[in-house]
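The next block holds one structure in the form of structure tokens; read it before the comments.
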Amino acid sequence: MSRRADALADRLEQGAAALITLADGLSEEEWQARIPGDGRKVGVVVHHVGNMYPIEVELAQALASGKPIAGVTWDDVHAINANHAKEFDRVTKAEAIEFVRRNSEAASAAIRKLSDAELDRANSVSLNSDAPLTCQFFIEDHALRHSYHHTAKIRAAVGSAKLAVA
């Protein structure tokens, strides 16, 4: 196993665990709160992170195999997010937490299978103006960063001292 892939997977798991811990401690009122500037409910966003792991890993695997990420636009991402928000508007805390847990475990397992050569492989990424990005960068910028990004947004939205970083 690649030590780099293992470290990436560990960091993804840490971010998912932080999101799960945060979500588990939210009141029902906080779970239903809308995130300013985003508009989605906190609970929907927690579930969203779990929803995106398989997609993000699949795209990273394409790069790892030498294929470009072509034809995927930010409009596509926004449409996925909007449809997800409608479909999971009433997601429960237990459902979302289990979904994040299950999909983060699958994502980290897939990342651990990558070799250093695959992590170093680069090709164009349409989401990033067709810049030639490495698989490792794509993992860090998408699947790994995703939970940290939304954990920070949720903390800001609920504005609770109990949710401060330990």
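Every number here is computed from the coordinates shown, using simple stated rules; none is lab data. Predicted model, so just to flag it, every value in this text is computed and none were measured. In this analysis, Cβ positions are derived from the backbone assuming ideal geometry, glycine residues included, and neighbour counts consider all displayed protein chains.
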Inset, instruction - Sticking with the crude label model, points 7 Å out along Cα→Cβ, report the distance from Glu29 to Asp75 in nm, one decimal please. - result: 4.2
Legend entry - Rough spin-label spacing in nm, given labels placed 7 Å along Cα→Cβ, for Ala109 and Ser126: 3.0
Inset, instruction - Specify whether the C-alpha gyration tensor of region 16-68 places it in the rounded, prolate or oblate class, a ≥ b ≥ c being the square roots of the eigenvalues: rounded for a/c under 1.5, otherwise prolate if a/b is larger than b/c and oblate if not. - result: prolate
Legend entry - Segment Thr21-Lys67, extension gain: residue separation times 0.36 nm, minus the distance between their alpha carbons: 13.0 nm
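Restricting to DSSP H runs of at least four residues, report the calculated mean residue ellipticity at 222 nm for the chain, -39500 (n - 2.57) per run over all residues, nearest 500 deg cm²/dmol. Don't skip to the end; give the middle numbers.
On the way: 8 runs with 108 residues, N = 166.
After summing the helix terms and dividing by residue count, I get -21000 deg cm²/dmol.
Please work out whether region 19-124 counts as rounded, prolate or oblate from its C-alpha gyration tensor, where a ≥ b ≥ c are the square roots of the eigenvalues and a/c under 1.5 means rounded, while otherwise a/b larger than b/c means prolate and anything else oblate?
Working: a/c = 3.12, a/b = 1.70, b/c = 1.83.
Oblate.
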Inset, instruction - Quote the relative contact order of the chain in percent (integer), defining contacts as alpha-carbon pairs under 8 Å separated by 6+ residues. - result: 40
